[in-house]
Each structure stands twice: as structure tokens, then as C-alpha cells.
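So the structure is just underneath, and the comments pick up after that.
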Amino acid sequence: MLDSELQGRTALVTGAGRGIGAAVARLLAERGATVLATDRSADFEDPGTAERTGTLSTRPLDVTDPAAVDLLVEEVVTAHGRLDILVNVAGVLRPAPVAELSDEDWASTFAVNSSGVFHTCRAAARVMTGQGRGSIITVGSNAAGVPRTNMAAYAASKAAATHFTRCLGLELAPSGVRCNVVSPGSTDTAMQRQLWATPDAPERVIAGDPAAYRTGIPLGRIAGPEDIAEAVAFLASDRARHITLHDLYVDGGATLKV
């Protein structure tokens, strides 16, 4: 049964204060996992009242601080004896044309979106290889594979995180640890809404924008955070036990990905 398929698993989710990360943390707990949801801010989205076969707790964590990451993973293992699932969702978006992009915007984008993934994956890999099993999932972006105007830092940082995760998967496969990527397209989150300047922005995203070299969304809808969470939960489960090094696009066909 899906509602208990992650029973007995311990999961760490970064960037879980709101949006996709919050949806991932809720769903993993609903499926039976013991979930520690982390975010740089201590202000977490209301977790809701859904019935869970697992548990959900929250904790502040800055993924750009490797010592803090190592300490938290150590605490998880001490408390629960293992770490079965890591989901990297923490991310920032600083949109700007390259000529106007500041050094600080570039550095901070890579500090969270790329180095943050490195810090958490390194700590988790040390634990999971000893266990002989585990699942690491990085939430990337379809922008990692398709050029976007005004999003160079974000796209480049997500491309780095994506390829890093797949390289890690190659290293960890002999230990029974699977590493995959979920790449969302336009998803109804606060990050997405910061790009919407007009009331008809959602319709324009769906229709596409030739002036910005963007295709529309063939399925005719913008994803909800729960759509991304379902893909993550699948890859975390034993239903995906023979899937690793995979990059799953969840974008309604927007990138025409083959």
C-alpha cells in the first residue's frame, strides 16, 4: 500500500519550509517515513492535518554551512540509527540579465543550489554507503537542460547540481545507494510567483513566450508542488529500486525532453 511504503525509513528534506520542499516532507510522512524537514528559515509552512503513518518534525538548517550539515546528519543517525532518504530541495533564484548580475547574486546562488547539494550529499553518502542502501534525490530544474534568459545563475547552478548528483550515483551504485534528479518546470510556488509581473502571467507561462525563447506547456497547466512531491516519493520508494542516475523531468512537456 502506498500509504505505508516508506514505513521505517528516515528522511531528511532540505528547503522544506514551503513550496515543493514542504509538499515533499508531508508526502513522505504520509507514506510512513520519519521525516526531518529543514529550512534556512525557522518559519515553516503549516504542515496540514493529513493522516500520516510516519512523523514530521522541523529544524532550521543552512545548507551552505558544511559543519552544520554534518552535525545534523550525525544527530539524525544517533537518534534513528540510519538515514534512508535525502531530498535536496533548498534553492534560491536571483533573476537578472548576465550583464546586470552581481558577484554576490552569482556566489549566493551557487552556494545554496550547488554547494549546498554537495554538503548534504557528502554527509549522507558517508552514512548510506555503510548501510548498503539509501536514496538521494536532488530537485533540480528543467532550466538545467534548456537555456533561459535572465536565469543564467540559476540554470547553471541547477545544471551543476544535476550532474553532480548523477556522478555521485555512479560512485555509490556499488554500495546499493541510488541517486536521482527530479527536474520541475513552472510550478506554483513563491519562487515562481516572483517572476509573475502581471495578473495574466500564469496563462502566459502556459502559452509560452517566443520573445524569451520559451515554449509553452503542452499539458496546459502549471504544476502544483504535490506533482513534484509524487515524483520524489516514487524515486525514494522500492518501486524505483532499479532506477539510478536518472533525471526525471516533471514539466508538463514544456522542454520537449526526449
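Data table
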read-out	value
Alpha-carbon centroid distance for the pair segment 19-54 / segment 221-258, whole angstrom	18 Å
Selection from ALA90, ALA22, THR55 lying farthest towards where the dipole of segment 20-117 points positive, charges on Cβ	THR55
Size of electric dipole in segment 24-147: Cβ of Lys, Arg +1 and of Asp, Glu -1, about Cα centre, debye, nearest 20	620 debye
Cβ-based exposure ranking for THR53, THR120, THR198, in which fewest neighbours within 10 Å come first	THR198, THR53, THR120
Histogram of C-alpha separations across the chain, 10 Å bin width, %	7, 32, 37, 18, 4, 0
Relative contact order computed over the chain (Cα-Cα under 8 Å; 6+ residues apart), in percent	18 percent
Cα-based convex hull, segment 138-258, per residue volume (Å³, whole number)	105 Å³
Amide H partners (placed H, <5 Å) of THR58, local residues excluded	ALA37
Fraction of the pair-distance distribution of segment 85-170 above 20 Å, Cα-Cα pairs, percent	35 percent
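Bear in mind these aren't lab numbers, they're just calculated from the coordinates by the rules spelled out. Small disclaimer: the values here were computed from a predicted structure and weren't measured. Ideal geometry is used to build each Cβ from the backbone, glycine not excepted, and the neighbour counts take in all protein chains shown.
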